[in-house]
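The structure appears below as structure tokens.
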Amino acid sequence: MRRPFVAGNWKMNGSRSHAASLVDGILEGKSDLGDVEVGVCPPFVLIPMVADRLAGSGVAWGAQNLDPNESGAFTGEVSGSMLADFDCRYCIVGHSERRALYGETNDLVAAKFQAAQRDGLVPILCVGETLAQREGDETEAVVAAQLNAVLDAAGPKTMVEAVIAYEPVWAIGTGMTATPEQAQAVHAYIRELIAGRDADVAGSVRILYGGSVKAGNAAELFAQPDIDGGLIGGASLQSDEFLAICRAACQ
Ligand code: 13P
């Protein structure tokens, strides 16, 4: 049985005061949520204060990126051990914005995935196709290449301590959510691909959907058999909306 998981990816948004009220709102509303794991991934600088506020609450926190190196002369970067030092549980790796805007390759994403696990973090591995790739009927090939790079480097068993997020690039921040059927088809494909390496791991790994998830469309997405929750961008910046999405994951 896979426990539903809803994580907020705040991206480069927020301030100390916004983060404080957002986290306090989540804490106030979380008692009636039911059995769903909830997490937030703030920008690096807000992690210490979010960690202080969420400590002991059952709500997890994590980062949006890490450098694969352990420490040293890597100006501007943050390592997994630094994130672990602030009790981060999760770290997003391979988000499409990082792939597209910062040139992250499948190999670099695989290195980040392994570095996160080396440092005791649970990577949230993002995969997904662009609109042109979908229209060119390349969705499965693109997702397979993204996933296989990690499976080849790290081995299928590492997926036990990881989360996958399917985020079609064309659905991110656009309001164009994948239909539940479109999302389910790719989630099932991802699970099959992992089952080809290890059936037990495939059955237990959580696969989240991300891309314009809102309170109004979350329930039908999360009702799909292979969708185990969501990675939420814009709608995670308001506590009421985010909590409503979390609630939709328990129905
Ligand atoms: P939106 O929910 O804003 O579309 O963003 C999704 C996303 O990229 C989460 O990582």
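Coordinate-derived values only; no laboratory data. On a predicted model such as this, the values are computed, not experimentally measured, just so you know. Note: ideal-geometry Cβ built from the backbone for every residue, glycine included; neighbour counts use all protein chains shown.
Quickly work out the Thr75-to-Ser21 label distance, labels modelled 7 Å from Cα along the C-beta direction, and quote it in nm with one decimal.
So the two model labels end up 3.8 nm from each other.
Any idea what the relative contact order of the chain is, in percent, if you count C-alpha pairs under 8 Å spaced at least 6 apart?
After rounding, I find 23 percent.
Size of the dipole of the stretch 116-251 about the Cα centre, Lys and Arg at +1 and Asp and Glu at -1 on the beta carbon, nothing else charged, in debye to 20?
Using only the charged Cβ atoms, the result is roughly 320 debye.
How many percent of Cα pairs in the chain exceed 26 Å?
The proportion of pairs with Cα distances above 26 Å equals 34 percent.
In whole Å, what is the distance between the alpha-carbon centres of the stretch 5-52 and the stretch 172-251?
19
Among Gly76, Gln114, Cys88, which residue has its Cα positioned farthest towards the positive end of the charge dipole of the stretch 1-156, with +1 placed on the Cβ of Lys and Arg, -1 on the Cβ of Asp and Glu, and the dipole taken about the Cα centre?
Final value for the positive-end residue is Cys88.
With charges only on Cβ, +1 for K and R and -1 for D and E, what is the dipole size of the chain about its Cα centre, in debye, rounded to 20?
320
Can you list residues whose amide H is under 5 Å from Ala60's amide H, if they're 5+ apart or on another chain and H is modeled 1.01 Å from N?
Val38, Gly39, Val40
Taking a cut-off of 20 Å between Cα atoms, list the lysines near Lys214, but don't count ones fewer than 8 places away on the same chain.
Straight-distance partners of Lys214: Lys11, Lys30.
Using θ = phi - 60° and the Karplus curve 6.51 cos²θ - 1.76 cosθ + 1.60, what whole-Hz ³J(HN,Hα) does each residue of the stretch 166-179 get, with Gly and Pro shown as x?
Running phi through 6.51 cos²θ - 1.76 cosθ + 1.60 with θ = phi - 60° gives 8, 10, x, 4, 5, 9, 7, x, 10, x, 8, 5, 5, 5 Hz.
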